[in-house]
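To keep things clear, I will list the structure first and then write my remarks on it.
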Amino acid sequence: MSYPFYILLGLLPSLIWLSFYLRKDKHPEPNFMVLKIFIWGILLAPLAIILELFLIWLLEPTLDFSSLLSRTTQNGFLRIILAATLIPALVEEYLKYAVVKFKVLKNSVFDEPVDAMLYCIIAGLGFAAVENLLILFKISFPSFGEALTTIGLRFLGATLVHALASGIVGYWLAQGLLNTKERKKLILTGLTIAIIFHSCYNYLTITLFSQETFGQKIIFLSLIVSLLIATALLVSYYFRKLKKQQSICINR
């Protein structure tokens, strides 16, 4: 299989979820702005990796950077919680929010509450596309079946997680724009919820792969599925609620 095939396959989960969420907007966003924010999400992925490795190094300067990338559980509970769960979630959720804050928030196309969720999700899916590509190329030319399985799992797992976490941040960003006196508090609330959700997913996923028995794997897999379903329902509720709110006509 050629590189173009891997690239297309890596982008596919993000593009499918992007199409799904864009359909929730009764007033479609301009294609140029959707593409712009998606690309910014892609461009920030390398910065996120650098920041994550730097923060992990600050916590444990003696750790080997090559081992950090493997995200195994061999170096203790503290490393699992901080290096593989909390730090990535914190860095990634803030950077995805920053894309929307600095690249679209003051643009005239941003004119209704639901736009906050949509643009955050778009940035998150751009970010997820890079992760998917890195995973595929890390496998070293997998077979068609292996590549398809990997991307299928990413579609239902990590890519969806980025979309949902970003959607949460977007909802609270919209609430902050509608309530200027509480703006910072509301945005911080959204970031905190998204980081906790993302961290929980990271922890459960890492723990799942470290289990030795089939029964234990089923338990953690069930927890992951339950977490994703519950959060997807929450984000769907957020969309419905924002659609009922008035257009944003405030000084941003």
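The values are calculated or read from the model by the stated rules, or taken from the named source; none is laboratory data. None of the values given here were measured: they were computed from a predicted structure. Here the Cβ is made from the backbone with ideal geometry for all residues, glycine too, and neighbour counts use every protein chain on show.
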So, first residue closer than 20 Å to Ala165 by Cα in segment 100-115, second residue among the aromatic types (Phe, Trp, Tyr) and assigned to a loop (DSSP other than H, G, I, E, B), Cβ within less than 9 Å, six or more apart or across chains; the pairs are Val100/Phe110; Val104/Phe110
Qualifying residue in segment 180-192 (condition: of a type outside the set (Ser, Thr, Tyr) and within 26 Å of Val225 (Cα to Cα)): yes
The correct count of residues that are buried (at least 16 other Cβ atoms within 10 Å of the Cβ) and within 14 Å of Lys103 (Cα to Cα) in segment 8-38 is 5
Here the residues within segment 79-103 that are among the β-branched types (Val, Ile, Thr), more than 13 Å from Leu43 (Cα to Cα) and surrounded by 24 or more Cβ atoms within 10 Å (Cβ to Cβ) are Val100
Checked segment 116-150 for anything at positive phi and either free of Cβ contacts under 8 Å to residues at least 40 places away in the same chain or in contact with a Pro (Cβ under 6 Å, 6 or more places away or on another chain) (or both); matches are Ser140
Within segment 110-127, the count of residues that are part of a loop (DSSP other than H, G, I, E, B) and surrounded by 14 or more Cβ atoms within 10 Å (Cβ to Cβ) comes to 2
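Matching residues to (1) more than 20 Å from Glu93 (Cβ to Cβ); (2) charged (D, E, K, R):
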residue	(1), (2)
Ala158	no, no
Gly167	no, no
Arg183	no, yes
Ile187	no, no
Ile196	no, no
Phe220	yes, no
Ile224	no, no
Checked segment 128-164 for anything of a type in the set (Lys, Arg) and either surrounded by 13 or more Cβ atoms within 10 Å (Cβ to Cβ) or closer than 17 Å to Ser14 by Cα (or both); matches are Arg154
Restricted to segment 79-100 and to residues being in contact with an Asp or Glu (Cβ under 8 Å, 6 or more places away or on another chain) and farther than 15 Å from Ala123 by Cα, the residue modelled with the lowest pLDDT is Arg79
Inset, instruction - For segment 213-231, indicate whether the set of residues that are touching a residue at least 60 places away in the same chain (Cβ under 8 Å) and under 30 Å from Asp111 (Cα atoms) is non-empty. - result: yes
Taking segment 165-184 and keeping residues in contact with a helix residue (DSSP H, G or I) (Cβ under 8 Å, 6 or more places away or on another chain) and either crowded, with 24+ Cβ neighbours inside 10 Å or of a type in the set (Lys, Arg) (or both) leaves Ala165, Ser166, Gly167, Ile168, Val169, Gly170, Tyr171, Trp172, Leu173, Ala174, Arg183, Lys184
